[in-house]
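J.: One structure follows; several queries about it will come next.
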Amino acid sequence: MELTETLLLIGSVLAVVAVVVVGLFRRGGGQPPADHDRDVAPRGGTDTLTREPGTDTATAPPETAAPEAPPEPLTLRDRFRERLVRTRNVLGVSVAELFGGGVSDDAWEGLEELLISADVGVAATMQIVEDVRRRARDEGVTEADGVVALLKDELRSALEVPDRSLARATDDEPTVWMLTGVNGTGKTTTIGKLAAIEEREGRSVVLAAADTFRAAAADQLGLWADRTGARLVRKDEGADPASVAFDGWMAAIATDADLLVVDTAGRLHNRRELMDELGKVKRVVEKKSGPMDEVLLVLDATTGQNGLAQAGAFVDAVDVTGIVLTKLDGSSKGGIVVAVQRELGLPVKLVGLGEGIDDLAPFDPDAFVDSLFEPA
Amino acid sequence: MALPSVTVSVVSHHLLAIQRSPSVFDALAQRLDDALSRVRGRGRLDDETVDATLSEIRLALLEADVNFKVVRGFVSRLREVLVGEEVSKALNPSQQVVKAVHAELVRALGGESVTPDLSGNPAVIMLAGLQGSGKTTAAGKLAKQLKKKGRTPMLVACDLQRPAAVQQLRINAEKVGVHVYAPVESGDPVAVARDSLAKARDTGCDVVIVDTAGRLHIDTELMGQARDIRAAVDPTATLFVIDAMIGQEAVNVSKAFLDDVGFDGVILTKLDGDARGGAALSVREVTDRPIVYASVGEKMEDFEAFHPDRMADRILGMGDMMTLIEKAEDTFTEQETKDAEQALLSGDFTLEDFLKQMQMVKRMGPLKGVLGMLPGMGQALKDVDVDDKQLAHVEAIIYSMTLEERRDPRLLTKGGARRRRRIAAGSGRSVQEVNRLLKQFDQAKSVMKSVSKMAGMDSMNPQGRKGKRAQAKAAQQLMRSGQVPGQGGQGGLGGFPGLQQAPKRKK
Ligand SMILES: Nc1nc2c(ncn2[C@@H]2O[C@H](COP(=O)(O)OP(=O)(O)OP(=O)(O)O)[C@@H](O)[C@H]2O)c(=O)[nH]1
Ligand SMILES: Nc1nc2c(ncn2[C@@H]2O[C@H](COP(=O)(O)OP(=O)(O)O)[C@@H](O)[C@H]2O)c(=O)[nH]1
Ligand SMILES: [Mg+2]
Ligand SMILES: [Mg+2]
């Protein structure tokens, strides 16, 4: 039997069967919609626990963020640089070394590998190297230093945005930020770090534990609330995440808070129901609050090319406004953000540099670009 | 049977085409077609052709996150396989190459699926890995699986780092109904690990599963701690837990865990996502440790043995199509194949044809499993309750129709209310169900038609970019019309691989 025929058959037959039968079951099988999907989580009670601000306030010395420049909440650039410099690039050679013997095909290939090894991705790498190559030719650059300068320039311009500060409410109502992302990227930890900074700067913060799915997720956020002095709004495991976020808003209004930060459950971007659920969380809050000031996507710096698909799906679902790149204290370079910003125009706003309360810094494109190439 | 390589190529060609990635429509097979176009009609793959081919394969593997150094080694092994390879008359060269790549990939991933030896009383399993890789979840899943096998597991809380990690493990233990040893929330995890063995004996547990804190492989202090925990409990199996979405650093991370802590096997997590998971190859190549489990979701039962062949399909962007095709070839007779094809191409697809095909599919095994092998469908079907009992209901409804009605469903739609009531009564189903079936069937049919048309268009346009886009779109449309909870822009019903080929075959 001809194999093409088998293929024809299977593809088509399965497709038809799938559409008819699955479609039928979806509507007819008495399936409750959307929220039965994940675990056997008990339907929780709906009483809202509002924890009093913890006594165990931030232990770290107050950060000297210039009070007259609120759009720049962090001044940790040096720590960012310092952390990044610690890691060697994987090739163990610098761009300067690559081009030390002149601008050769081998050197360009080495450069490609360097970018790919930083998870920049094949497509973006090819494009960047091509652009730099063309410029080198046009501008008659033949020295290693010149190539390095062109390359950094190219990357920096790929990462350029006018403003990386976190947006705040322009009226008297509380600012609202929401953190999203796939599982285990560092959403909750980042919220803890943000709360610490905000509280330290004298703003009152409410944290809404809208991850009602993962075991002990609200407890985890609760511990961060205790550490930072933020107020926690939570419900039982299995409760409707949108209602927790909504209660968070109501608590923020009631206590005249400056900021509401909504923690959400990690979810894979290819789960449509879960992405819909996230959209609902956003909508329900926004009905009262108006548009959220920031919807941040938390990307793990170790992530490979899938990061691009993640960003695309989260942008589609909840109009992400910026990226938090976490775990940059590891050896991964987080090069995927280059592709993400090129493709989607999403700027990186913050970086995570560890598990501690102070390990959050503003994204510094210069330091980031340097870290891609400079061996320690 | 041998791998049906024509299908491999065609499938990868079309399925890759609907992947949502920067390389959206650059299917590996298509790119190979270009690289190999000169070969047609020649006897052997020459050096130059092999070079061009290998460079395409290299890019495909890099896009799948295989580490670039690992790619280099893999590609040079492939070169040995390919150079001088006789181009078979039956296959076109790219199909042959895809087949070779696939075979080599399966081999590199370990060939067979293996499970760790967990005998011993108590058997001790230790989990280690980066932050957020899925250790605590995997601990619960392992416990659940072992409990099902009649063991009595105990979870041990040695993550005293992450806030509420201990509580998370407690809840997982409760969910799966096993013992948990979690004496402290902070302090020394090595002591907890050491004490857990005596505790297990006291409580009659015969498997101890030690959850540890996530740690960076470059954090020497914490890597030392993990080594100490391992030394304290002397595990039957130490398993390294790694996220399938990880990029190029997979090699350094896994090598460091191997050298500094040591492990016997790997758990690859979050495979329910759509990452190609090239890290699997990276880890395997640099550590030479088998990948033993695949974690495929957040629920405690989403845990499976790892299958190298499926992983190879996935890295090449082919879903489980290979498995599916082999299954189909084993199940369907030639005549059935011919009939089904005839029906689908005739443009006059009837409920009778549908009934026949449904029965063919049924023979392939539980419907959910079979459908799940289509790329993207597994995820889409995750929480849809596709019970084969319900299939029987569909059958019953169609059996209750007259032959005339099956051949011309329009008899039932326009003014066919009486007939529909009769059918409902005859099949013991509700009129609503009959209505829904007809509607679904109609939708499937109309979209099939437009896909078929677009596919025809595509075949006249050899570059095919536009056509493919249209085709992918049509496939998505079909998916939506079926209310399959799929994924916006990707996966789907496989883009109707065969239909596009159809017009060509007519000659
Ligand atoms: N090294 C390092 N670890 C981090 C960083 N940010 C978070 N983590 C750790 O990564 C793990 C996951 O962090 P969480 O904040 O729980 O992540 P999440 O996105 O809320 O996870 P889920 O809610 O389970 O999806 C924890 O062990 C954190 O301590 C970082 O910047 N560097
Ligand atoms: N989708 C998906 N999520 C997973 C999987 N395994 C773990 N997770 C999630 O990933 C996150 C981190 O998992 P956890 O077990 O706490 O990781 P740990 O930090 O290594 O202990 C949690 O949100 C889990 O629910 C998996 O296979 N698929
Ligand atoms: Mg969280
Ligand atoms: Mg854990």
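J.: Report whether or not B:Val253 is within 14 Å of ligand 2 (Cβ to nearest atom), touching a residue at least 12 places away in the same chain (Cβ under 8 Å) and not in a strand (DSSP E or B).
T.: On the way: within 14 Å of ligand 2 (Cβ to nearest atom): yes; touching a residue at least 12 places away in the same chain (Cβ under 8 Å): yes; not in a strand (DSSP E or B): yes.
For B:Val253, the condition - within 14 Å of ligand 2 (Cβ to nearest atom), touching a residue at least 12 places away in the same chain (Cβ under 8 Å) and not in a strand (DSSP E or B) - is met.
J.: Also, quick follow-up: Which pairs turn up if I take residues in the stretch A:101-125 that are closer than 18 Å to A:Gly335 by Cβ and within 14 Å of chain B (Cβ to nearest Cβ) and look for partners that are open to solvent by less than 10 Å² (accessible area, probe 1.4 Å) and at pLDDT below 90 with beta carbon separation below 6 Å, at least 6 apart in sequence or on another chain?
T.: Close Cβ pairs (under 6 Å, with a partner that is open to solvent by less than 10 Å² (accessible area, probe 1.4 Å) and at pLDDT below 90) amount to A:Ala118/A:Leu372.
Let's see how each residue does on (1) within 16 Å of ligand 4 (Cβ to nearest atom); (2) more than 13 Å from the chain's Cα centre (by Cα):
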| position | (1), (2) |
| --- | --- |
| A:Glu273 | no, yes |
| A:Arg283 | no, yes |
| A:Glu286 | no, yes |
| A:Leu297 | no, no |
| A:Asp300 | yes, no |
| A:Asp319 | no, no |
| A:Gly322 | no, no |
| A:Gly330 | no, yes |
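J.: Still on this structure: Could you list, in sequence order, all residues of the stretch A:334-348 that are buried (at least 23 other Cβ atoms within 10 Å of the Cβ) and either out of contact with any Phe, Trp or Tyr (no Cβ under 6 Å at 6 or more places or on another chain) or among the polar types (S, T, N, Q) (or both)? Break it down stepwise before answering.
T.: Applying the first criterion (buried (at least 23 other Cβ atoms within 10 Å of the Cβ)) to the stretch A:334-348 yields A:334-340, A:348.
Result: A:Gly334, A:Gly335, A:Ile336, A:Val337, A:Val338, A:Ala339, A:Val340.
J.: I'd like to check something: does the stretch B:199-220 contain any residue that is within 16 Å of ligand 2 (Cβ to nearest atom), within 14 Å of chain A (Cβ to nearest Cβ) and either more than 21 Å from B:Leu160 (Cα to Cα) or more than 33 Å from the chain's Cα centre (by Cα) (or both)?
T.: Initially, the stretch B:199-220 is screened for residues within 16 Å of ligand 2 (Cβ to nearest atom), giving B:209-217, B:219.
From the residues that got through so far, the ones that are within 14 Å of chain A (Cβ to nearest Cβ) too are B:211, B:213-217, B:219.
This time we only want the ones that are either more than 21 Å from B:Leu160 (Cα to Cα) or more than 33 Å from the chain's Cα centre (by Cα) (or both), so: B:219.
Yes: the stretch B:199-220 contains one or more residues that are within 16 Å of ligand 2 (Cβ to nearest atom), within 14 Å of chain A (Cβ to nearest Cβ) and either more than 21 Å from B:Leu160 (Cα to Cα) or more than 33 Å from the chain's Cα centre (by Cα) (or both).
J.: Please pick out the residue among A:Gly146, A:Gly100 that is small (Gly, Ala, Ser) and part of a loop (DSSP other than H, G, I, E, B).
T.: None of the others qualify; the one that does is A:Gly100.
J.: Specify the residue that is farthest from B:Leu281 (Cα to Cα); the eligible residues are those in the stretch B:244-260 that are surrounded by 24 or more Cβ atoms within 10 Å (Cβ to Cβ) and more than 7 Å from chain A (Cβ to nearest Cβ). Before the answer, list the steps.
T.: Quick first cut of the stretch B:244-260, residues surrounded by 24 or more Cβ atoms within 10 Å (Cβ to Cβ) only: B:244-250, B:253-254, B:257.
If we keep only those that are more than 7 Å from chain A (Cβ to nearest Cβ) too, we end up with B:244, B:250, B:253-254, B:257.
Values: B:Ala244: 11, B:Ala250: 10, B:Val253: 14, B:Ser254: 12, B:Phe257: 16 Å.
Top of the filtered list is B:Phe257.
J.: Another question about this same structure. Could you tell me whether the stretch A:222-231 includes any residue that is within 21 Å of the chain's Cα centre (by Cα), closer than 26 Å to A:Leu325 by Cβ and without any contact (Cβ under 8 Å) to a residue 40 or more places away in the chain?
T.: Taking every residue of the stretch A:222-231 in turn, at least one turns out to be within 21 Å of the chain's Cα centre (by Cα), closer than 26 Å to A:Leu325 by Cβ and without any contact (Cβ under 8 Å) to a residue 40 or more places away in the chain.
So that you can scan it fast, the table gives a plain yes or no per residue for (1) at pLDDT 95 or above; (2) within 16 Å of ligand 1 (Cβ to nearest atom); (3) of a type outside the set (A, V, I, L, M, F, W, C):
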{"position": "B:Leu130", "(1), (2), (3)": "yes, yes, no"}
{"position": "B:Gly140", "(1), (2), (3)": "yes, yes, yes"}
{"position": "B:Asp159", "(1), (2), (3)": "yes, yes, yes"}
{"position": "B:Ala165", "(1), (2), (3)": "yes, yes, no"}
{"position": "B:Val176", "(1), (2), (3)": "yes, no, no"}
{"position": "B:Leu216", "(1), (2), (3)": "yes, yes, no"}
{"position": "B:Glu221", "(1), (2), (3)": "yes, yes, yes"}
{"position": "B:Asp228", "(1), (2), (3)": "yes, no, yes"}
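J.: Report the residue count in the stretch A:312-333 for those that are out of contact with any strand residue (DSSP E or B) (no Cβ under 6 Å at 6 or more places or on another chain), assigned to a helix (DSSP H, G or I) and open to solvent by less than 10 Å² (accessible area, probe 1.4 Å).
T.: Selection size over the stretch A:312-333: 1.
J.: Determine whether the stretch B:182-200 contains at least one residue that is of a type in the set (S, T, N, Q), within 16 Å of ligand 3 (Cβ to nearest atom) and open to solvent by less than 60 Å² (accessible area, probe 1.4 Å).
T.: Here is the first cut: in the stretch B:182-200, the residues of a type in the set (S, T, N, Q) are B:186, B:196.
Checking the rest, the ones that are also within 16 Å of ligand 3 (Cβ to nearest atom) come to none.
No, that holds for no residue.
J.: Something else: Among the residues of the stretch A:116-128, write down those that are closer than 16 Å to B:Val70 by Cα and among the hydrophobic types (A, V, I, L, M, F, W, C). Full working, then the answer.
T.: Residues of the stretch A:116-128 that are closer than 16 Å to B:Val70 by Cα, as a first pass: A:116-119, A:121-122.
Answer for the stretch A:116-128, where residues must be closer than 16 Å to B:Val70 by Cα and among the hydrophobic types (A, V, I, L, M, F, W, C): A:Ile116, A:Ala118, A:Val122.
J.: Here's a follow-up. So, in the stretch A:334-376, how many residues would count as being in a loop (DSSP other than H, G, I, E, B) and either aliphatic (A, V, I, L, M) or within 16 Å of ligand 4 (Cβ to nearest atom) (or both)? Give the derivation first.
T.: Here is the first cut: in the stretch A:334-376, the ones in a loop (DSSP other than H, G, I, E, B) are A:334-335, A:345-347, A:353-359, A:363-364, A:374-376.
Then drop every residue that is not either aliphatic (A, V, I, L, M) or within 16 Å of ligand 4 (Cβ to nearest atom) (or both), which leaves A:346, A:353, A:355, A:357, A:376.
Summing the residues that are in a loop (DSSP other than H, G, I, E, B) and either aliphatic (A, V, I, L, M) or within 16 Å of ligand 4 (Cβ to nearest atom) (or both) in the stretch A:334-376 gives 5.
J.: Given the structure, is A:Ala136 of a type in the set (Gly, Ala, Ser), within 14 Å of chain B (Cβ to nearest Cβ) and closer than 30 Å to B:Leu62 by Cβ? Steps first, please.
T.: On the way: of a type in the set (Gly, Ala, Ser): yes; within 14 Å of chain B (Cβ to nearest Cβ): no; closer than 30 Å to B:Leu62 by Cβ: yes.
For A:Ala136, the condition - of a type in the set (Gly, Ala, Ser), within 14 Å of chain B (Cβ to nearest Cβ) and closer than 30 Å to B:Leu62 by Cβ - is not met.
J.: Out of all the residues in the stretch A:198-230, which are buried (at least 24 other Cβ atoms within 10 Å of the Cβ) and more than 13 Å from ligand 3 (Cβ to nearest atom)?
T.: Residues satisfying the conditions are A:Val205, A:Val206, A:Ala225, A:Thr228, A:Ala230.
J.: Here's something else I'd like to know. A:Gly184 passes all but one of (1) at negative phi; (2) surrounded by 14 or more Cβ atoms within 10 Å (Cβ to Cβ); (3) under 23 Å from the mean Cα position of the chain (by Cα); which number fails?
T.: Tallying (1) at negative phi; (2) surrounded by 14 or more Cβ atoms within 10 Å (Cβ to Cβ); (3) under 23 Å from the mean Cα position of the chain (by Cα), A:Gly184 fails exactly one: (1).
J.: Just checking, which of A:Gly354, A:Gly266, A:Gly279 is within 14 Å of chain B (Cβ to nearest Cβ), surrounded by fewer than 24 Cβ atoms within 10 Å (Cβ to Cβ) and within 16 Å of ligand 3 (Cβ to nearest atom)?
T.: None of the other options fit; the residue is A:Gly266.
J.: So B:Lys135 clears everything in (1) surrounded by 24 or more Cβ atoms within 10 Å (Cβ to Cβ); (2) more than 16 Å from ligand 3 (Cβ to nearest atom) except one condition, right? Which one?
T.: All conditions are met except number (2).
J.: Continuing with this model, one more query. Looking at the stretch B:261-294 only, could you name the residues that are more than 16 Å from ligand 3 (Cβ to nearest atom), at pLDDT 95 or above and of a type in the set (D, E, K, R)?
T.: Residues satisfying the conditions are B:Asp264, B:Arg284, B:Glu285, B:Asp288, B:Arg289.
J.: Restricting to the stretch B:402-450, give me the number of residues that are outside any helix (DSSP H, G or I) and open to solvent by 50 Å² or more (accessible area, probe 1.4 Å). Even if it seems obvious, please write down each step before you answer.
T.: To start, the set of residues in the stretch B:402-450 that are outside any helix (DSSP H, G or I) comprises B:402, B:408-409, B:414-416, B:428-430.
Right, trim to open to solvent by 50 Å² or more (accessible area, probe 1.4 Å) and you get B:402, B:414-415, B:428-429.
Number of matching residues: 5.
J.: Scan A:Glu143, A:Glu173, A:Glu139, A:Glu130 and give me the residue that is surrounded by fewer than 23 Cβ atoms within 10 Å (Cβ to Cβ) and within 30 Å of A:Val233 (Cα to Cα).
T.: On the way: A:Glu143 fails: within 30 Å of A:Val233 (Cα to Cα); A:Glu139 fails: within 30 Å of A:Val233 (Cα to Cα); A:Glu130 fails: within 30 Å of A:Val233 (Cα to Cα).
After applying the criteria, what remains is A:Glu173.
J.: Moving on to the next point. Name, by its number, the condition in (1) at negative phi; (2) modelled with pLDDT of 95 or more; (3) touching a Lys or Arg at 6+ places or on another chain (Cβ under 9 Å) that does not hold for B:Leu118.
T.: With (1) at negative phi; (2) modelled with pLDDT of 95 or more; (3) touching a Lys or Arg at 6+ places or on another chain (Cβ under 9 Å) applied to B:Leu118, the lone miss is (2).
The values are calculated or read from the model by the stated rules, or taken from the named source; none is laboratory data. Here the structure is a predicted model, which means the values were calculated and not measured. Backbone-built Cβ (ideal geometry, glycine too); neighbour counts: all protein chains shown. Ligands, DNA and RNA are excluded from the accessible area calculation, which covers all protein heavy atoms including side chains. Shrake-Rupley method; radii C 1.70, N 1.55, O 1.52, S 1.80 Å.
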